[in-house]
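Shown next, in C-alpha cells, is the structure this report addresses.
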Amino acid sequence: MQELLTNKTVEKLKHDLVKEGLINFDDLEKAEEIAVAQKINIAQALIRSNIIEEEPLLKFIESKLHIPYVNLDDYTPDEKTLTYINSQDAIKYKIMPLFAIEDVLTIAMADPMDLFLINNLISTADMKIEPIICSEKSILKAINKYYFKTPENISLQEENIDWRTYITNNIQNEDQLQKLIDVILMQAIHEKVHEIFFEHDPGGFCLKFKHNSNIDNKGELPSLLVPLFIAKLKKMSKLNPDISEMPQLGKLIFRLNNIDYVASISAFPTIAGERIALKIYSPPNSFDSLPISVDKKEYIKQSINNHGILLICGSELSGKTHIIYSLLSEMAKEKTSIMTVESIVKYNIKEINQCELNENIGFNLDKVIRFIEFQMPDIIYFEAFNTKTTLDYFVHLALQQKTIITEFCANNIESLRKKLSFSEFELFKNLISCLIFVHSKDSIEVFTKNDLEKYL
C-alpha cells in the first residue's frame, strides 16, 4: 500500500488561509476531520470538499512563500532530467523534474516545504534543488506521460526498449496494465523474440524471452501486481481469469506500429504458481517474396492442384507457420474450397474457412475427423499431427483426391528421415507430393517427389 504523506506546506499555511479569508475556521476543522477519516493530506481534503479550488490555493502559496507556480499542462519537461528521480519516488512524493542548469535541478512539487524530501533529493540527484509549486493532479499526469510511455509514442527504431522503465507499484487500473503488457510485447518484437514466458522463480514472477534456445531473464514483476497482471492478460486473451488450477489456451490479438500480430497464450498451473507462455506470430509475407526459385514455386502450386500431401518441415522456431500462411494466402486467390484446422488461427484469410479447435466445448481433432468430410473441401490444412489415427486419416483423405497440407518438426533432413523411417509412415511418405523444408526465413528447400525417393 502506498505510504500516506502529509502536505507540510498547507499544514504550515492553513491558519493563514483563515486569516486571509480564503476559508473560515469551521471549514478548516471540517477539512482536518476529513483528512484523518480518509487518510489523505489536508490540501487534498480542502480541494476534494470544494472548500477551496486548487488554483487559488496554489497562487496563495506562491505569494506567501515566493515559490513560482507553474501549470504543467503548458510546460514540456526536459526528459533527460528523468534520470535524476525514479518513477516510484516521483509518484510517491508527487514530484516531477523539469530542467537542469549546471548543478541546479528544478523540480515541480505539490509540497515544496517538505525540507526532508528536498534534502534527500539533493543527496540522491547530487544536485541543488530549486522547487516550484504545481498541482498534484498535473504532476501525476506529467509522470504518467513522460515516465510511462505508451506504445503509441514508442518507436521500434529506439535502440533500447526496457519494459521495467514503464513499471510502477502504483498501477491502479486496467488501462495502465494494458500499456505495460503492450510495452512487453513491443520489446519482444524489437528484440526479434517470438516466445515469452512469465513464471515464478525464487526471485519473483519473472518475464523471460526465449531466443535461439537461450532463455533471457528480463526482470521481475512487483509481487503486488502479479494477480492483477495475470488477470488482465487472461481477459485480453479471452481466458477465464478466475481459473488457475486448470490449463487454458487462448489467443491475444494486438496492433503495434500499424502491424497486426497474433499470439497464442497458454496458462498452465505449477506448484510454484501459474506459468504463462506466449508465442507471437507476425503477418506472413507474400508467396512471391519467399526465397524460393520460380520453378520450385511453380512445382509447389502444381503439387497442390494434383492432390496428395504437402509436408512443411523445420525446427520449432524456423518459421514453418509463416511459410504456410504465405502459401495459404496465395492459394486463396484460386477458386478452390479450402479449410484449415488449427489450435489457434494466427492470421485471418478472408477467402479461406479457418477453424479453431476448442477443447472447452469438445471441438477437438476427433470431432474434426468425424465431420470435416461433410464440408467437402478440396484442400485442408492441418496444423500438425501426433497420433496414428490422425496419420491414417491424412492418408485416407489423400486417397480421396484431397490435398493435405500439414507440418512436421525436424531439425534437418537426416532427422526427418529417421523420424519417418518407421513402417507406420510408409504409405504416408508415398503420398507426399512435395516437401518444403524451412531452415530459416531466409533458407527454404523444396523437394520434388523424385527428390524424396533419394532422401526419405
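The values are calculated or read from the model by the stated rules, or taken from the named source; none is laboratory data. Here the structure is a predicted model, which is why all the values come from computation and not from measurement. Quick reminder, even Gly has a Cβ in these numbers, built from the backbone with ideal geometry, and neighbours come from all protein chains shown.
Summed over region 291-350, the residues that are closer than 24 Å to residue 415 by Cβ and hydrophobic (A, V, I, L, M, F, W, C) give a count of 11. From the set of residues in region 316-359 that are among the small types (Gly, Ala, Ser) and surrounded by fewer than 16 Cβ atoms within 10 Å (Cβ to Cβ), which is modelled with the highest pLDDT? Looking at residues that are among the small types (Gly, Ala, Ser) and surrounded by fewer than 16 Cβ atoms within 10 Å (Cβ to Cβ), I get 337. Is it the case that region 14-33 has a residue that's in contact with a Ser or Thr (Cβ under 9 Å, 6 or more places away or on another chain), in a helix (DSSP H, G or I) and within 20 Å of residue 115 (Cβ to Cβ)? Within region 14-33, not a single residue is in contact with a Ser or Thr (Cβ under 9 Å, 6 or more places away or on another chain), in a helix (DSSP H, G or I) and within 20 Å of residue 115 (Cβ to Cβ). Specify which of the listed residues (239, 207, 233) is without any contact (Cβ under 8 Å) to a residue 60 or more places away in the chain, assigned to a strand (DSSP E or B) and buried (at least 19 other Cβ atoms within 10 Å of the Cβ). The conditions single out 207.
Residues in region 106-120 that are surrounded by 23 or more Cβ atoms within 10 Å (Cβ to Cβ) and of a type in the set (A, V, I, L, M, F, W, C): 107, 108, 109, 110.
Does region 323-339 include one or more residues that are in contact (Cβ under 8 Å) with a residue 24 or more places away in the chain, under 21 Å from residue 428 (Cα atoms) and among the polar types (S, T, N, Q)? No - not one qualifying residue is present in region 323-339. Considering 33, 102, 55, 20, the condition of being in the same structural domain as residue 121 (by TED's automatic domain parsing), at pLDDT 85 or above and farther than 24 Å from residue 121 by Cβ is satisfied by 33 alone. When residue 389 is tested against the conditions (1) more than 36 Å from the chain's Cα centre (by Cα); (2) modelled with pLDDT of 90 or more, the lone failure is (2).
Among the residues in region 70-91, are any touching a residue at least 40 places away in the same chain (Cβ under 8 Å), in a strand (DSSP E or B), assigned by TED's automatic domain parsing to the domain that holds residue 44 and closer than 13 Å to residue 145 by Cα? Taking every residue of region 70-91 in turn, none turns out to be touching a residue at least 40 places away in the same chain (Cβ under 8 Å), in a strand (DSSP E or B), assigned by TED's automatic domain parsing to the domain that holds residue 44 and closer than 13 Å to residue 145 by Cα.
A Cβ distance below 8 Å, combined with a sequence gap of six or more or placement on separate chains, defines the contacts here; from region 27-39, residues that are surrounded by 15 or more Cβ atoms within 10 Å (Cβ to Cβ) reach residues that are in a helix (DSSP H, G or I) and among the charged types (D, E, K, R) in the pairs 28/14; 34/48. Residue pairs whose Cβ atoms lie under 9 Å apart, sitting 6 or more positions apart in sequence or on different chains, and linking a residue in region 369-380 that is over 9 Å from residue 337 (Cα atoms) and without any contact (Cβ under 8 Å) to a residue 40 or more places away in the chain to a partner that is hydrophobic (A, V, I, L, M, F, W, C) and in a helix (DSSP H, G or I), are 372/397; 373/397.
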